[in-house]
Amino acid sequence: MLQEDGYLLKTEALYKWFPRRGGFLNKTVAHVKAVDGVSIGIRKGETFGLVGESGCGKSTLGRTIMRLTEPTRGDIYFQGDNISRLRGKHLKPYRRNMQMVFQDPYASLDPRQNIHSTLMEPIHIHHMASSKGEARQQVEGLIEKVGLNRDHLARFPHEFSGGQRQRIAIAAALAVKPSFLVLDEPTSSLDVSVQAQILSMLRRLQRDLGLTYLFISHNLAVIKQMCDTTAVMYLGRVVELAPTRRLFENPRHPYTKALLSSVPVPDPSKRKELAVLQGDVPSPVDIPPGCRFKPRCPYGTQKCVDFAPPFVQIEENHWIECHYDIDFDSRTQAELQTAPA
């Protein structure tokens, strides 16, 4: 489906289903389909955005790519190598090259370790320094690289603000000199002014260190600012994928249109009518047949119930999972109901 050339990381038909157990024998009675056949490709040096409502599977996809959560099936390729089935010492080199920054830095930092120890640990595990003196120099360089100073190394996580803790978490991820970072909602728990500082720092680090980012967020304004390519997830599936500017200027999937219409616009003359979605997101345990967005889609037809839409390319680098490659605003519901199946 996707071209392989130039991709640092790629997934092919990646699934992560969590079993639900019940009954007297505690057998598996159903599955929570958190990630349900996702294929994406991330090019070296780019920032790839992943956006969608809470519970759509964004974070699970990031954790599965990192092998923090084992995939149910499907393939994960990093630098051309299939890492989806590697274990132990065979996976360790890839773990060094792939790091993750979590949403809550206070939960991801060990409260019993000071910052010096926190940054020293990955350097020791992956043998990144030949001596204690070299390791100490690396730690001091890391803390300064994220905008803090050497005096902070003796302190513990509870002594820092949220923004400072996130800087430390980023420094810990950079300690092993990775080429790829998964950023899982890295600014959602921070004040707006602090968000801007962290985002500016991430762009600088990407430029200086040649990093590639998978940026997971529900904040469309941040995605628009940070990302080169954006994928929109809904109920475990990618429903639209395109260059970020094109996605924001000309969204083609009705779900993407609804998401973008909810972004606040400060200029009243440029505001658009809010596209309100009807109903609730279906349960990932009981996904409706056909198109999973059909229960909330104002343009759905019987074809959407009978057949799951394919993920097809509608123009260069622009993919969509929908039966109708049309301008939805230009056709009425009656016209869609009579569209041929």
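The values are calculated or read from the model by the stated rules, or taken from the named source; none is laboratory data. Owing to the predicted nature of the structure, the values given are computational and were not obtained by experimental measurement. Heads up, the Cβs are rebuilt from the backbone with ideal geometry, glycines too, and the neighbour counts pull from every protein chain shown.
For region 104-118, check the following and say yes or no: at least one residue is in contact with a Lys or Arg (Cβ under 7 Å, 6 or more places away or on another chain), within 18 Å of L199 (Cβ to Cβ) and in a helix (DSSP H, G or I). Within region 104-118, one or more residues are in contact with a Lys or Arg (Cβ under 7 Å, 6 or more places away or on another chain), within 18 Å of L199 (Cβ to Cβ) and in a helix (DSSP H, G or I). The lone criterion from (1) touching a Phe, Trp or Tyr at 6+ places or on another chain (Cβ under 6 Å); (2) within 30 Å of V192 (Cβ to Cβ) left unmet by Y94 is number (2). Of all residue pairs spaced 6 or more apart or on separate chains, those with beta-carbon atoms under 9 Å, a first member in region 164-185 that is on the phi > 0 side of the Ramachandran plot and a second member that is acidic (D, E) are E185/D104.
Pairs linking a residue in region 37-62 that is on the phi > 0 side of the Ramachandran plot to a residue that is among the small types (G, A, S), with Cβ atoms under 6 Å and 6 or more positions apart or on different chains, are G37/A13; G57/A34; G57/G236.
Reported count of residues in region 84-126, each being closer than 16 Å to V182 by Cα and of a type in the set (S, T, N, Q), is 4. Under 22 Å from R292 (Cβ atoms) and crowded, with 19+ Cβ neighbours inside 10 Å: is that true of V38 in this structure? For V38, the condition - under 22 Å from R292 (Cβ atoms) and crowded, with 19+ Cβ neighbours inside 10 Å - is met. Under the condition of being within 21 Å of T69 (Cβ to Cβ) and free of Cβ contacts under 8 Å to residues at least 12 places away in the same chain, the residues counted in region 93-121 number 2. Considering (1) part of a loop (DSSP other than H, G, I, E, B); (2) surrounded by 19 or more Cβ atoms within 10 Å (Cβ to Cβ); (3) not hydroxyl-bearing (S, T, Y), the lone condition that V139 does not fulfil carries the number (1). Which one is modelled with the lowest pLDDT, of the residues in region 69-118 that are of a type in the set (A, V, I, L, M), farther than 22 Å from T212 by Cβ and surrounded by 15 or more Cβ atoms within 10 Å (Cβ to Cβ)? Here the answer is L109. Scanning region 36-76 for residues that are hydrophobic (A, V, I, L, M, F, W, C), touching a helix residue (DSSP H, G or I) at 6+ places or on another chain (Cβ under 8 Å) and closer than 19 Å to L259 by Cβ yields V38, L50, V51.
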